1. For Leu86, state whether it is in contact with a helix residue (DSSP H, G or I) (Cβ under 9 Å, 6 or more places away or on another chain), surrounded by 21 or more Cβ atoms within 10 Å (Cβ to Cβ) and not small (Gly, Ala, Ser).
2. Counting only residues that are among the hydrophobic types (A, V, I, L, M, F, W, C) and not in a loop (DSSP other than H, G, I, E, B), which one in the stretch 49-70 is nearest to Lys2 (Cα to Cα)?
3. Being of a type in the set (A, V, I, L, M, F, W, C), under 30 Å from Met66 (Cα atoms) and crowded, with 24+ Cβ neighbours inside 10 Å is the requirement here; does Leu152 meet it?
4. Specify the residue that is surrounded by the most Cβ atoms within 10 Å (Cβ to Cβ); the eligible residues are those in the stretch 224-259 that are closer than 19 Å to Thr132 by Cβ and of a type in the set (Gly, Ala, Ser).
5. Name the residue, out of Gly9, Gly52, Gly20, Gly101, that is surrounded by fewer than 16 Cβ atoms within 10 Å (Cβ to Cβ) and modelled with pLDDT under 95.
6. So, in the stretch 71-95, how many residues would count as being part of a loop (DSSP other than H, G, I, E, B) and of a type outside the set (A, V, I, L, M, F, W, C)?
7. Pairs under 6 Å by beta carbon, first residue closer than 18 Å to Leu234 by Cβ and at pLDDT below 95 in the stretch 283-294, partner among the β-branched types (Val, Ile, Thr) and assigned to a loop (DSSP other than H, G, I, E, B), six or more apart or different chains?
8. Among the candidates Ile204, Ile223, which residue alone is of a type in the set (A, V, I, L, M), in contact with a helix residue (DSSP H, G or I) (Cβ under 7 Å, 6 or more places away or on another chain) and farther than 30 Å from Ala105 by Cβ?
Amino acid sequence: MKIALDAMGGDLAPQAAIDGAVRAARDFAAEVILVGDRETIKRELAEHRHAGLSISIEHAAEVVAMDDAPLESVIGKPESSIHVGLELVKQGRADAFVSAGNSGAVMAAAMAILGNLPGVDRPAIASAVPTTAGLALLIDAGANTDVKALNLTQFGVMGSVYWKHIGKLAQPRVALLANGEEDSKGTDLTRSAASSLAQLAPEINYIGYVEGRDINRAKADVIVTDGFTGNVALKTMEGFASFLLGNLREVFESGLLRKIAYLLIRKKLSALRTRLDPSEYGGAPLLGVNGEIVEILSRMPTTVTVKASGSKGIRGLLHKMRDRLHLPHREGHPEKKDSRAEAEALATHPLERLEGGSTEKASGGSRKPSLDHPISTNGAAAEPAKPTEMGAGPADRDKAARPPTA
């Protein structure tokens, strides 16, 4: 598998990215293309033993900063490492693109360069989180801060399909993140999404709401939320894990008896540390774009880069997801239809094609809830989302005169 790695993205780049690339090429026999400033990469690469490893450099003259506005980076930095890396995927010169850089910029550039899968209105970041029973999937973990009910419904569908394969579950339990388990809880947004997901049974195993404390209690396999809430939840879990492990270290570092106690339970503590360490779960795929994109959400330690770069299953998994969604595709990328009628159809029913089932008859009969037509709480077809700057469509990007949001 040939992976394009953004060598300039992330708080610890380029050192951590290049160190991870070398280890991935050595340990996983991965072909890695380091994307970024050629001279900077050469200097850092010279510090590593990489003779005989399949590592090459693709020059990118510009860098997207972590505080750059996503739309501005797409328009104003066409030679950034993010742009160049995604172009490698589009051209078939790389199978996947991995970046620890500005996640909003990665999503916006991926939508502009690769496009979305047919039937998907907004891509979403799907992040694995530890639970008492193993792992669960949190989607969206940071790509979309402002969403509509239809977006949450799509996130639930994509998360269910993806986790069915990665988690090897016949019917993953899908839940919406809310402030209580009762149906009356949440907001108009979550209640509308809940109604749509409930009507997608039996294809989607929607079980209702879960609270923040339930994410790690294995009450659901796929937890659906907007990118703002999901990212806050993810960073909160990472922070608490660091806090807990730090306090445990302090407990056992003082006193002879405590050090002896540590020796007795160090294997258990090591297992706990591994379970809580965010770097153990590698990167998070950006689901819904027409290509294999992996984002690294936390500060980028080498272990995360190694796991993300060495993952050979993402490409196959996303191809399986396309098959499951009944989307027409060819090897590498689905065929795209550029007609206005096709675009309008997808805008009206973004989940159309997920299952090739029922449609409303011309006689005026009632529509059967299905994956073809998610239905809102009032029985009408769910309103399509209006793209914002972070995930704007081509037409929106052309007329985006207002300042983009981060």
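The values are calculated or read from the model by the stated rules, or taken from the named source; none is laboratory data. Note that the structure is a prediction, hence the values are computed from the model and not measured. A quick note on method: Cβ atoms are made from the backbone with ideal geometry, for glycine too, and the neighbour counts reach across all protein chains shown.
1. yes
2. Filtering the stretch 49-70 for residues that are among the hydrophobic types (A, V, I, L, M, F, W, C) and not in a loop (DSSP other than H, G, I, E, B), the one nearest to Lys2 (Cα to Cα) comes out as Ile55.
3. So Leu152 fits the description; yes.
4. Ala233
5. The conditions single out Gly52.
6. 7
7. Note: pairs meeting the criteria are Gly283/Ile296.
8. Result: Ile204 is the single residue among Ile204, Ile223 that is of a type in the set (A, V, I, L, M), in contact with a helix residue (DSSP H, G or I) (Cβ under 7 Å, 6 or more places away or on another chain) and farther than 30 Å from Ala105 by Cβ.
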